[in-house]
Amino acid sequence: MNYKDIITIEPGKRSGKPCIRGMRITVSDVLEYLAIGMSFDEILSDFPELTIEDIRACLAFAAERERKLFSITAA
């Protein structure tokens with residue numbers, strides 16, 4: 001999956017935070033829901049405009065960001 005097709009960053013939207021498909025739902029919103037124990041199904045129920053691919057894109061975005069951060073600090 002290429003999260004870059006799903007995650008968007010617009011300076012005027014949510015203070016430039018990474019969002020899902022131009023909506024006002026941020027990657028960090030979804031990650032926080034997962035961190036408190038919400039399941040994919042619960043998130044999709046609360047936000048019917050989201051898809052499983054959107055949630056997976058958030059995870060892929062976070063994983064790549066973590067890899068980049070690690071490679072910067074390890075250098």
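Would you tally the residues in segment 1-27 being assigned to a helix (DSSP H, G or I) and polar (S, T, N, Q)?
Restricting attention to segment 1-27, the residues satisfying the condition of being assigned to a helix (DSSP H, G or I) are 3-5, 14-16, 27.
Right, trim to polar (S, T, N, Q) and you get 15.
Count: 1.
Filter segment 41-50 down to the residues that are in a helix (DSSP H, G or I) and over 13 Å from the mean Cα position of the chain (by Cα) and list them by number. Explain how you work it out, then say what you get.
Start the filter on segment 41-50 by keeping residues that are in a helix (DSSP H, G or I), which leaves 41-46.
Across segment 41-50, the qualifying residues are ASP41, GLU42, LEU44, SER45, ASP46.
Output yes when any residue across segment 2-16 is among the charged types (D, E, K, R) and surrounded by 14 or more Cβ atoms within 10 Å (Cβ to Cβ), and no when none is.
To start, the set of residues in segment 2-16 that are among the charged types (D, E, K, R) comprises 4-5, 10, 13-14.
Keeping just the survivors that are surrounded by 14 or more Cβ atoms within 10 Å (Cβ to Cβ) gives 13-14.
Yes, the conditions are met somewhere in segment 2-16.
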Residues located in segment 17-30, provided they are within 11 Å of the chain's Cα centre (by Cα), in contact (Cβ under 8 Å) with a residue 24 or more places away in the chain and surrounded by fewer than 17 Cβ atoms within 10 Å (Cβ to Cβ):
ARG21
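All of the numbers you see were taken from the coordinates with simple rules; none came from a lab. Computed from a prediction, not measured in an experiment: that's the story for all the values here. Please note: Cβ atoms are built from the backbone with ideal geometry, for glycine as well, and neighbour counts cover all protein chains shown.
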